[in-house]
Amino acid sequence: MILIGRFNELEIARIVSIGAYLVSDDGEEVLLPRKYLPADARAGSLIPVFVYTDSEDRPIATTLRPAALVGDFAILACKQAIEIGAFLEWGLEKDLFVPAREQIRPMEPGKSYPVRVCFDPRNKRVFATSKISKFLRKADDGITEGTEANLLIFDEGQLGWSVSINGVYEGLLYRDEVFEPIAIGETRKGYVKKIREDGKIDCFLRKPGFKGVLDSRDVITAALREAGGFLAVGDRTPPEEIKRLFSMSKKTFKRAAGTLYKDRLISIDEDGIRLLGDVDGHGDRDGKSPAP
């Protein structure tokens, strides 16, 4: 059986003027156009090909490799948009069609979108959809809190951004917990923050708990070194300014700054925080190490 939208290893049944007819184990045939036929091709030899449908919905084979196969998630650029749908570039002569009903919001030429490649068995057509959530599932025994994951950002709503977790689960990045610019179509490393009783998953871009505090310490000290060792921030600094300077919440900043203070790596003064090591991180400004 020839699988449309996937790679198939098929036997060359016969070579003709327009190419070669390839045959599957059950006798189903598909044409490989001559321009894709290897120079050393011979009847009886096996050849790996990708099979899709041409502009007349006939199965056709190619040795080109598309950007994604049926069942894959991918980020593809929109080449053309018309009333009934949009066409995405996926590395083949025929663009990948996204019906209008399969778009979360209308696609625009020149922009890239996260999609899933699908196969419609009724008309044997390959198509794409940006409605990724229907292919994702809620939490089960295969995922736990604290898990590091690849997050594909595929939609934005009132609460924040919907993400695909390792292409399997659906999660949410809350708007008030994201402290850096992100956009639909980006892939970020993140973490499972919480699994709710209803199976919904909350995600976070920083490591949760104490490990996240340790990472935030590095962010603060790096910002201090870049600023020459001093920043005018403290209890009265607005959360928006903390977010702008350190890409973290004020609560996380205070926890991380507190651990730096306890370790005698910074001083917390009335006018701000000071790095006790030199700007390069090698001892204090007199060339000495911080007091033990």
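A few notes on this one:
- Too-long pairs where the Cα-Cα distance tops 24 Å, listed order kept, from 194/250; 131/243; 134/250: 131/243; 134/250
- Residues 133, 45, 17, ranked from the fewest to the most other C-beta atoms within 10 Å, line up as 17, 45, 133.
- Cα principal axis extents for segment 103-152, largest first, Å: 39, 31, 15
- Within a straight-line Cα-Cα reach of under 18 Å, residue 193 can be paired with the following aspartates and glutamates, leaving aside sequence neighbours fewer than 8 residues apart in one chain: 140, 141, 145, 148, 170, 176, 177, 180, 202, 215.
- Hydrodynamic radius by Kirkwood, which averages 1/r over all alpha carbon pairs of segment 209-275, in angstrom: 11.6
- Geometric extent, Cα atoms of the chain - Rg, Dmax (angstrom): 27.1, 85
- Phi angles of segment 24-40 translate, via the Karplus equation with coefficients 6.51, -1.76, 1.60 and θ = phi - 60°, into HN-Hα couplings of 8, 4, 8, x, 6, 10, 8, 8, 9, x, 4, 5, 9, 7, x, 4, 9 Hz per residue; Gly and Pro are given as x.
- Across segment 186-202, computed HN-Hα scalar couplings (Karplus, 6.51 cos²θ - 1.76 cosθ + 1.60, θ = phi - 60°) run 7, 10, 10, 7, x, 9, 7, 7, 8, 10, 7, 4, 8, x, 6, 10, 9 Hz from first to last residue, x flagging Gly and Pro.
- Amide hydrogen proximity for residue 118: with H placed 1.01 Å from N in the peptide plane, the residues at 5 or more positions away or on another chain lying under 5 Å are 71, 127, 128, 129.
- Computed from point charges on the beta carbon alone (+1 for Lys and Arg, -1 for Asp and Glu), the dipole magnitude for the chain about its Cα centre is near 380 Debye.
- Crossing angle, helix 250-262 versus the chain [Cα axis fit, 0-90 degrees, rounded to tens]: 50
- Under 5 Å, built H, 5+ apart or other chain: amide partners of residue 80: 87
- Anisotropy class of segment 73-133 from Cα gyration tensor, a/c 1.5 cut: rounded
- Computed over the chain, the per-residue total of -39500 (n - 2.57) for DSSP H runs of n ≥ 4 gives a 222 nm mean residue ellipticity of -4000 deg cm²/dmol, rounded to 500.
- In segment 1-60, GluC sites (Glu not before Pro) in a DSSP loop with at most 11 other beta-carbon atoms within 10 Å: 56
- Extent of segment 51-175 along its three principal axes (Cα atoms, max minus min coordinate, largest first): 48, 29, 25 Å.
None of the figures in this text is laboratory data; all of them are computed from the coordinates on show. Here the structure is a predicted model, which is why all the values come from computation and not from measurement. Here the Cβ is made from the backbone with ideal geometry for all residues, glycine too, and neighbour counts use every protein chain on show.
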